[in-house]
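Worksheet for the structure shown next.
What follows is calculated from the coordinates using simple rules that are stated; it is not laboratory data. It should be emphasised that the depicted structure is a prediction, and the values quoted were computed from it without experimental measurement. Positions of Cβ are generated from backbone atoms using ideal geometry, with glycine treated the same way; all protein chains shown enter the neighbour counts.
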Amino acid sequence: MTDTAQIFSLSGAVALVTGASGALGSHFARVLHAAGARVVLAARRTDALAALAAELGGRAAAVPLDVTSAEAVTRAFDAAESAFGVCDVIVNNAGVAVTRPVLQQTEADWDGVLDVNLRGCFLVATEGARRMVAARKPGSIINIASIGGLRILSGVAGYTASKAGLIQLTRQMAVELARHSIRVNALCPGYVETPINAEFFASEAGQAVVKRVPQRRLGRPEDLTGPLLLLASPAGAHMTGATLVVDGGHSVNPL
Ligand SMILES: NC(=O)c1ccc[n+]([C@@H]2O[C@H](COP(=O)([O-])OP(=O)(O)OC[C@H]3O[C@@H](n4cnc5c(N)ncnc54)[C@H](OP(=O)(O)O)[C@@H]3O)[C@@H](O)[C@H]2O)c1
């Protein structure tokens, strides 16, 4: 395929985005929709999903989903299939963090983060892949990890461990699912400015962090548009098991 616009098209695809009520998830949903996919918006805050579905107009449906519940994951895929058919693009984007020094992290802190960021991604990816295999449909699973899965971020032990685990789960699934023409890749953003962290990055401490990024700026959701489309579309047909870092050079800054 050499038509450069066509290779990024998702026309005919059915995409499910977890955490579509959040900053990056809503952006990912808009991008996939603009590329032609039918988009299933999944998260717990259904009011935010309904608003996004209304904004997108046709080809979008909102489904309630708590990724920590296997039953909820099954129900969400059932609802997605009734709306649009078998999902062949899955964006595992739901994620949480608890920030405090490791010795102050409780068992509940650890379990809460790992449950969403790692176990939840496992539940969603495996349920989605089982359905693709049963339908003999090729597909693309994109796990939203973080440079925190590759480097250390202060005070978020569960988060960095979960994202490192997610990168390794990505590789494992890529190998096992290649025979089914299902690609599995990890997208690793650096710090992306969103409404939730805007205040911190405006502060002196936040500006000090920005100075450690070789490009001297934070990421913007738009910086993830091309990388997401690459992994989701036929443009990335030979990519599987990859860890795609999008961080302005932050993770390769000098020691
Ligand atoms: N922003 C950054 O700088 C950055 C950098 C690297 C990686 N990331 C990753 O990008 C992803 C999105 O981050 P964000 O910045 O957009 O954060 P955000 O705005 O806080 O969004 C997080 C999303 O996760 C969903 N979520 C949390 N727990 C869930 C659960 N149990 N079941 C279903 N959904 C759940 C939330 O939806 P509900 O509350 O409605 O369920 C929300 O939509 C995360 O995986 C994060 O680790 C972010």
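How much length would be gained if the chain were fully extended between Asp47 and Ala198, taking 0.36 nm per residue of separation minus their Cα-Cα distance, in nm to one decimal? Present the calculation step by step, with values, prior to reporting the outcome.
Working: separation 151, 0.36 × 151 = 54.36 nm, distance 2.32 nm.
Extra length available between Asp47 and Ala198 comes to 52.0 nm.
Give me the angle, in degrees from 0 to 90, between the Cα long axis of helix 46-56 and the longest principal axis of the Cα atoms of the chain, rounded to the nearest 10. So the helix axis and the longest Cα principal axis differ by about 60 degrees.
Entry note, segment 42-133: relative contact order of 29 percent, from Cα contacts under 8 Å with a spacing of 6+ residues.
Relative to the longest principal axis of the Cα atoms of the chain, helix 70-84 runs at roughly 50 degrees. Within segment 11-41, whose backbone N sits under 12 Å from a point 7 Å along Cα→Cβ of Arg220? Counting only backbone N, you get no residues. Sequence-distant contacts, meaning Cα pairs under 8 Å at least 6 residues apart, place the relative contact order of the chain at 18 percent. Among Arg136, Arg100, sorting on how many other beta-carbon atoms sit within 10 Å of each Cβ, with the fewest leading, yields Arg136, Arg100.
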